[in-house]
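Student: The structure under discussion is supplied below as structure tokens; questions concerning it will follow.
Read the figures in this text as sums done on the coordinates, not as results from a lab. Keep in mind that what you see is a predicted model, and the values were worked out from it rather than measured. Quick reminder, even Gly has a Cβ in these numbers, built from the backbone with ideal geometry, and neighbours come from all protein chains shown.
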Amino acid sequence: MKRLKTEILVIGGGATGTGIAWDAALRGFRVVLVEKRDLTHGTTGRYHGLLHSGGRYPVKDPDSARECIIENRILRRTHAHCIEDTSGFFVVTPEDADSDYPDRFKAACDEVGIPCREISVAEALRREPLLNPRINRVFEVPDGAADSFLATHATAQAARAAGAQVLTYHEVVDLIVQGGEGDQQVVGAKVLDVASGEDVEVHADLTITAAGAWAGQIAAMAGCEVKMTPGKGAMIAMNHRVCNTVLNRCKMPGDGDIIVPIHTVAVIGTTDEHVDDPENLRIEPWEVQLMLDEGEKMIPGISQARVVRAWAGVRPLYQETEAADTRDVTRSFTLLDHQERDGVAGFLTMTGGKWTTFRMMAAKAVDVACEKLGVQRSCKTASTPVPGVDQGHYWLGHRLHEVEEKRLQGELVCECELVTRAMLENAARQNPTLTLDDLRRDVRLGMGPCQGGFCTYRAVGILHEMAEGGDWRLENGERRMENGGWRVESNLHPPFSNPNLLLRDFLQERWKGLTPILWGRQLKQERLDELIYLSLMNVDHLPGAELSSPLSDFYLFDTTPGEETEASDA
Amino acid sequence: MLDLLVIGAGLAGLTAAYTAAKAGLRVCVIAKGMGTTHWSAGTVDVLGYYPNSSAEPVQRPLENVQTLIEAQPEHPYALLGTAQLSDALKAFAVLTGEISLPYAGAANGGENLLLPSPAGAPRPTFLAPLTQRAGDLSHPDPFLIVGFRGLGDFFPELIAANLCELGYDARAAFLPIDLITDRQDFNTVQLATELENRGRRSRLAAELKRLVQPGERIGLPAILGLDDHLAVLADLQAQVSASVFEIPTLPPSVPGIRLHKALCRRLEELGVRVEAGMEVVGFRSGGQARARFGSPQQVEGFVQSPIPNPKSEIRNPKSLLWVASETTARPLKHHAANFLLATGGILGGGFDSDYTGRVWETIFDLPLTTPQKRSEWFRPKFLDPAGHPVYRGGVRVNKQFQPVKADGAPVYENLWAAGGCLAQADPIHERSLEGIAITTSVAAAQQIVGSGWARGGRGSGSLR
Ligand SMILES: Cc1cc2nc3c(=O)[nH]c(=O)nc-3n(C[C@H](O)[C@H](O)[C@H](O)COP(=O)(O)OP(=O)(O)OC[C@H]3O[C@@H](n4cnc5c(N)ncnc54)[C@H](O)[C@@H]3O)c2cc1C
Ligand SMILES: Cc1cc2nc3c(=O)[nH]c(=O)nc-3n(C[C@H](O)[C@H](O)[C@H](O)COP(=O)(O)OP(=O)(O)OC[C@H]3O[C@@H](n4cnc5c(N)ncnc54)[C@H](O)[C@@H]3O)c2cc1C
């Protein structure tokens, strides 16, 4: 068994956890972060992509709205390259024309301090020509689109640079609790290194849970009850940027009332369904239908466009008393001091909130950590940019520009998302990689219209050359040719780097997120992918069929559309 | 007037057009795109695996097809029987000889060949073009798989590693891509054209000669020339003094494009026009007009267009009169005595579907066997050996290859169907894509020729 000793142990590698590790490391603490899968595996990698201006909450949840606009301004500096400055519209569609909400909305924005300007319908239509021409009013707010994958990686990189140790594929299986009744203390955690199967003990002066919707499960390991109300939301990505501005309906937040343009797609979302298990992410046909029907209200015709993918995330909603409807639970965050609350020292839980507020949440958590550890060190994250900000805000043509400028056309691994071989190799070198899905989160591999049709094979070929481009074949007693191979140092994990396993896992991973939305042209596309992998490659008859990775079972969840059902409470 | 209008320019449409034209019919082919030939390996797969079994490849497809037919009496092959199947494939092999793209099967006649796939798995196929045949895995010669640095669509080490794992003797090597091209941005088709240049070819040959060991055969990505590929192959083998073969690549597929082009050229010689970029958007039958897309006025236009032969309409209320295609400039009407639907299934674009679970045939809205519920379309595993039910559905035809209604009666007397649009097969899972395309289209074309509907049949009263 391996032992690690640290001052602060952070559990969870989403936005919040990496934010805490970054903040704490900047304040000079020794930090270890453990995440059971890859960074952003949780809700952070399954969210909607909105950098909130706060515009969704000023009427119902002004505190939350205030936090959003403060952080919106800060993140635009610290994480500039992860953010596209799309701006956002709140539009009054014919369905909502009779409501007094728009005026209340405008007043509340002014009150909270969210810059909000009413613009003419004509101007809105000029900027967003596909917008429903029958809208009545339009308000503009400083919404943005945010790439949570990139942002979390950049934050983790900054944390590492400041000395934090970030361990992915390390799952907390138990907390180490010392002392007796009323005088208990968490002194660390028992962790499973998922890749090697090795047990690891991390001893820490303070343990902070940032496990989002899983916070209850972690707290239970120390005998504390934290009642999470996981609210599942489904989203679907349209193949085109049907809009370049975030489009919200100007009404009380509800299902399917927002479209976020992010990278090459536009994402409609979301639903909000209470689920018991944060891992239950099943998307039902009615949810897909609802997204499309609601999307029509803002962009008529959107339901006829091609859908490339569907996914679902679970809101880490927390309330000390049980809420009837998950949308009524505050979107603000909560820090639980288990010493005060449950008599268990050395243990904090930070949960709730939003991606947009992760930095603020981290700052609050580490402030309390300082108190607990008896030191006074102030937060530095608001004024410390993470690596990459010098690129400025993200813009859509960014990758294309680079490919054209550097004449990298011949190097493309993924034409849909303009991923080059160098980007892929770099990601595989820098981040622990168990599956191609990990690289997908790093470089958007397989996220375009063909959903891995062309790039899966290419990525596998490249990783194989990286991992095994050496003297692996001595069949006729002869070593490889001098000019062969690309052998590059990598962060791949044998035996999971077996190319046939990587290939099968990723094909299944992409399939899983497709079946809920597979029809029309995307179905045709998927059939082409079958032609490539079955007819042409015969990958279902490659050696190594018995191999599996720690993720293989996860990719095998049945996501095929079930019988038509109704929303449970809609 | 045309005797036969073929809709679809994939392998099925082109083969049908050839068969009918050879029999003396006046034929034209119109298509929206090029069909799936451009994406496939360029081989003729007849039956690689029994449906539902991922295990061993089928050894003798023509004989083993009986087992398939017994298990699945509605499979398209069941409409043919072994003799007809075998004759159609022989006819196709003869045709490939005529077009200087000779295809042949295993040395042991009737057996499937096993050829290395671009992932290094053995692909079972029945007929392969000359350029791929030296890859035959039943021969013991060791493999040298050569890739090019900078060509991202071909991974020699992956191929060699998997072949080794499976017990074949193989190694890999790389050569620089600038041996072949100076371009930054290229695809396999451009590379193939470059190798038609003698100088580039000799440079490649010199490097290969340096790499190869006695007794080895050399596997290269399928880029050995486009139109002139036989000369390219012969020249390389002569210069290297070793046998050289092609392994198909990711699309665009050079072997597939060669086949498509050669078939089109042959059809041209026979006086058959192949017109791509013509999507059929409406049709007129004796009893019904229909148009997809377009404004109501356009639909009106179709309905009101003069009917060429009003008398025949009265005699044959259930026959098709014309289809209308949409080109960039204007809709065009195509009159013919017979129509053959060879638009493929979901992949070819012959079927479309939507989120309500509806799947429809895009031109005539023919009845389909496809489940009309999304909950019945898929299996949870992408690589499930049984395939996905949505792809098995299609157009049900009678023994004459006429699409039929639920009661078994033909939908239109002069409409026929062949290839990927036929029901009760999953050609990709079975590895029967080209086999079904070729054999059903030959059979359908023969039915049309024999039906009396062609060549004045309409006027002569020989209608059934
Ligand atoms: C549908 C939906 C849409 C949303 N859209 C937006 C939006 O547009 N804008 C916005 O600002 N916010 C949005 N949010 C909210 C936002 O996504 C979340 O608040 C935020 O991502 C939470 O981050 P987190 O780090 O707290 O949790 P997570 O990202 O869930 O991180 C928790 C991590 O803990 C890990 N973990 C769990 N158990 C263990 C264990 N035993 N050992 C180790 N690790 C463990 C998990 O794997 C996970 O990676 C949305 C939420 C949902 C559900
Ligand atoms: C900001 C942002 C932008 C994105 N842009 C794109 C894009 O341009 N293109 C693109 O393809 N994708 C995009 N995605 C989505 C991305 O590809 C992934 O779908 C997302 O990160 C979730 O990962 P996943 O698909 O592996 O999740 P998975 O959890 O594997 O989800 C896949 C499917 O499985 C279902 N599922 C998961 N767990 C269960 C379970 N236990 N039981 C039943 N069903 C389950 C889910 O509901 C979903 O239908 C984007 C995501 C984000 C956050």
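Student: Using just the C-alpha positions of region B:135-251 as equal point scatterers, what log10 of I(q)/I(0) does the Debye formula give at each q in 0.17 1/Å?
Tutor: For the requested q values the scattering log ratios are -0.78.
Student: Only helical DSSP H runs with n ≥ 4 go in: add -39500 (n - 2.57) per run for chain B, normalise by residue count and round the 222 nm mean residue ellipticity to 500 deg cm²/dmol.
Tutor: -9500 deg cm²/dmol
Student: Counting every Cα pair in the protein assembly as shown, what percent are over 60 Å apart?
Tutor: Tail of P(r) above 60 Å: 16 percent of Cα pairs.
Student: Antiparallel DSSP bridges in chain A: what percent, to the nearest 5?
Tutor: 65 percent
Student: For region B:1-160, give me the percentage of DSSP beta bridges that are antiparallel, rounded to the nearest 5 percent.
Tutor: 65 percent
Student: Kindly identify region B:218-274 as rounded, prolate or oblate by the Cα gyration tensor criterion: order the square roots of the eigenvalues as a ≥ b ≥ c, call it rounded if a/c is under 1.5, otherwise compare a/b with b/c, prolate if a/b is larger, else oblate.
Tutor: The shape class here is oblate.
Student: Another one. Order the peptides B:11-22, A:333-344, B:273-284 from the highest to the lowest mean number of other Cβ atoms within 10 Å of their residues.
Tutor: In descending order of packing, they fall as B:11-22, B:273-284, A:333-344.
Student: I'd like the mean, over residues of B:333-346, of how many other protein chain beta carbons sit within 10 Å of each residue's own Cβ.
Tutor: Shielding by partners across B:333-346 averages 1.
Student: For region A:98-151, what does the alpha-carbon gyration tensor say about shape, rounded, prolate or oblate, given a ≥ b ≥ c as the root eigenvalues, a/c under 1.5 as rounded, and a/b over b/c as prolate?
Tutor: oblate
Student: For a distance above 46 Å, tell me the whole-number percent of Cα pairs in chain A that qualify.
Tutor: Within chain A, distances greater than 46 Å cover 13 percent of Cα pairs.
Student: Which of the peptides A:112-123, A:49-60 is most tightly packed, and how do the rest follow, judged by the mean count of other Cβ atoms within 10 Å per residue?
Tutor: Going by the mean number of other Cβ atoms within 10 Å, highest first, we get A:49-60, A:112-123.
Student: By its C-alpha gyration tensor, with a ≥ b ≥ c as the square roots of the eigenvalues, how is chain B shaped: rounded for a/c under 1.5, else prolate for a/b larger than b/c, else oblate?
Tutor: Here chain B falls in the prolate category.
Student: Next question, about the same structure. Taking every DSSP beta bridge with both residues inside the protein assembly as shown, roughly what % is antiparallel (nearest 5)?
Tutor: For the protein assembly as shown, the DSSP antiparallel bridge percentage is about 60.
Student: What is the packing order of peptides A:40-48, A:408-416, A:454-462, taking the mean over residues of other C-beta atoms within 10 Å and listing the highest first?
Tutor: Packing order, densest peptide first, comes out as A:454-462, A:40-48, A:408-416.
Student: With Cβ to Cβ distances under 9 Å as the rule, what net charge do the other residues near B:Ala324 carry (K, R +1; D, E -1)?
Tutor: +1
Student: I'd like the mean, over residues of B:158-168, of how many other protein chain beta carbons sit within 10 Å of each residue's own Cβ.
Tutor: 5
Student: Please list, or write none, the aspartates and glutamates whose alpha carbon is within less than 18 Å of the alpha carbon of B:Lys32, excluding same-chain residues fewer than 8 places away.
Tutor: Leaving aside aspartates and glutamates fewer than 8 places away in the same chain, those within reach of B:Lys32 are B:Glu275, B:Glu279, B:Glu326, B:Asp352, B:Glu361, B:Asp365.
Student: For A:Lys406, what is the net charge nearby, where nearby means another residue's Cβ is under 13 Å from its Cβ and Lys, Arg count +1, Asp, Glu -1?
Tutor: -2
Student: Can you tally the net charge around B:His229? Count Lys and Arg as +1, Asp and Glu as -1, for every other residue whose Cβ sits under 12 Å from the Cβ of B:His229.
Tutor: Net charge around B:His229: -2.
Student: Go ahead and estimate [θ] at 222 nm for chain A from helices alone: -39,500 (n - 2.57) per DSSP H run with n ≥ 4, summed, over the residue count, rounded to 500.
Tutor: About -9000 deg cm²/dmol.
Student: Shielding of A:512-522 by partners, i.e. mean partner chain Cβ atoms within 10 Å per residue?
Tutor: Across the residues of A:512-522, the mean count of other-chain Cβ atoms within 10 Å is 4.
Student: If you don't mind, there's one more thing I want to ask. Which lysines, on any chain, are close to B:Lys373 with Cα under 18 Å apart, when same-chain ones fewer than 8 places away are left out?
Tutor: By straight Cα distance, B:Lys373 reaches A:Lys524.
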